[in-house]
Amino acid sequence: MSDRYCVFGNPIGHSKSPAIHARFAAQTGQNLLYEARLAPLDGFATAVREFAAAGGKGANVTVPFKEEAFRLCDRLSDRARRAGAVNTLQFGEDGVLGDNTDGAGLLRDIEHNLGVKLEGKRVALLGAGGAARGALAPLLAARPQSLAIANITVAKAEELAAGVADLGAVAAGGFAELAGGRFDVVINATSASLSGDTLPLPEGLFAPGALAYDMMYGPGETLFMEQARQLGAGRCADGLGMLVEQAAEAFVLWRGVRPQTATVLAELRALLAAA
Ligand code: NDP
């Protein structure tokens, strides 16, 4: 019997997670089945309990259930507690363990796949929602020279910065305050592109050769990548690598073996382009 895993979300039809984990399993010789499961908006906890009771070993959690997943766990990893959200569940005899692998996935994509070390760099994080919250502690652990977080709703940026004050200094403000900052790495963790909105990015945001990283991804360049290029970013990347790397982190937790991500990322990129 294969061990069973799934991803819960609503909607879930377009999830790439089953394709990613099927490739990881084949590559590492792990006997598992991974499926996408639509959870009702008012029935996430029940769906999780039923899956675990039926023998499910673990699950990923995506929009809009990450905060609810955080609340239903019996135990939390430090990084999940920091993030206030859970994207990975592991079911065991001692209950449900919640983890958050999004921030680690982001860091691995930037530092390992793209080869941009954050130590000593000036980093800006745009947005103060769930994805930004999960990224903050891992970003600080990479020892940047400075970290600034900007959000339309400034109070949310300030709240996030205060939440990691014990780990390091984070400057919080609006987008205008980033003007002239000359950041080496600018990470878009807003959902502006989803609604087709451009961000109020100020002049002088990018240092020469800077990396513009969009957590969003799509078949071509995202709106943020286009905008960043026009403002002088040296290099642009989308969040497909983050998606694959957060999945790899979950796979490590569940199976104790780290899959190779480069080929899976390349295959996924080709699938996305052909869709
Ligand atoms: P949330 O809904 O929690 O947060 C949304 C953020 O975007 C808030 O800071 C909000 O600002 C800001 N925002 C929304 N619309 C606009 C706009 N028009 N202009 C400027 N700012 C705007 O979303 P998440 O944090 O969960 O997700 C953010 C992005 O990250 C999404 O695109 C998501 O797809 C992506 N993501 C990618 C992952 C990956 O693996 N690649 C993993 C997780 C997320 P305000 O607070 O002022 O409303």
(request) Would you pull out the residues with amide H under 5 Å of Ile149's amide H, same chain only if 5 or more places away, H placed 1.01 Å from N? (result) Leu125, Ala171, Ala172, Gly173
(request) Assuming a ≥ b ≥ c are the square roots of the Cα gyration tensor eigenvalues, decide whether the chain counts as rounded (a/c under 1.5), prolate (otherwise, with a/b larger than b/c) or oblate. (result) prolate
(request) Could you tell me the distance between the Cα centroids of segment 157-185 and segment 107-136, to the nearest Å? (result) 13
(request) With +1 on each Lys and Arg Cβ and -1 on each Asp and Glu Cβ, and nothing else charged, work out how big the dipole of segment 41-166 is about its Cα centre, in Debye to the nearest 20. (result) 400
(request) Please work out whether segment 1-103 counts as rounded, prolate or oblate from its C-alpha gyration tensor, where a ≥ b ≥ c are the square roots of the eigenvalues and a/c under 1.5 means rounded, while otherwise a/b larger than b/c means prolate and anything else oblate? (result) rounded
(request) Please work out how many pairs of lysine residues in the chain are eight or more positions apart (or on different chains) and have Cα atoms closer than 25 angstrom. (result) 5
(message) Can you list residues from other chains, or at least 5 along the same chain, whose modelled amide H is less than 5 Å from the amide H of Phe183?
(response) Phe206, Ala207
(request) List, in order, the whole-Hz ³J(HN,Hα) value for each residue of segment 255-270 obtained from phi through the Karplus relation with A = 6.51, B = -1.76, C = 1.60 and θ = phi - 60°; use x for Gly and Pro. (result) 10, x, 9, 8, x, 6, 9, 4, 5, 5, 5, 5, 5, 5, 4, 5
(message) Give me the percent relative contact order of the chain, please, defined on Cα pairs under 8 angstrom at least 6 residues apart.
(response) 15
(request) Would you please give the residues with an amide H less than 5 Å from that of Asp238, counting only those at least 5 places away or on a separate chain, with H modeled from the backbone geometry? (result) Asp214
(message) Let's see if you can work this out: charge +1 on each Lys and Arg Cβ, -1 on each Asp and Glu Cβ, no other charges. What is the dipole magnitude of segment 103-238 about its Cα centre, in debye to the nearest 20?
(response) 280
(request) Quick one: dipole size for the chain, taken about the Cα centre, charges +1 on Lys/Arg Cβ and -1 on Asp/Glu Cβ, in debye to the nearest 20. (result) 440
(request) Provide the per-residue ³J(HN,Hα) series for segment 231-236, in order, calculated from phi with Karplus coefficients 6.51, -1.76, 1.60 and θ = phi - 60°, each as a whole number of Hz, with x at glycine and proline positions. (result) 8, x, 4, x, 8, 10
(message) Once you keep just the Cα pairs under 8 angstrom separated by 6 or more residues, what percentage relative contact order results for segment 103-238?
(response) 20
(message) Rounded to the nearest 5, what % of DSSP beta bridges with both residues in the chain are antiparallel?
(response) 20
(request) Place +1 on the Cβ of every Lys and Arg and -1 on the Cβ of every Asp and Glu in the chain, take the dipole about the Cα centre, and give the residue among Leu201, Leu253, Ser17 whose Cα lies farthest towards its positive end. (result) Leu253
(message) Give me a comma-separated list of calculated 3J(HN,Hα) values for segment 90-100, in order, Karplus coefficients 6.51, -1.76, 1.60 applied at θ = phi - 60°, integers in Hz, x for any Gly or Pro.
(response) 10, 9, x, 5, 8, x, 9, 9, x, 10, 10
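None of the figures in this text is laboratory data; all of them are computed from the coordinates on show. On a predicted model such as this, the values are computed, not experimentally measured, just so you know. Here Cβ is always computed from backbone atoms with ideal geometry, including for glycine, and neighbour counts include all displayed protein chains.
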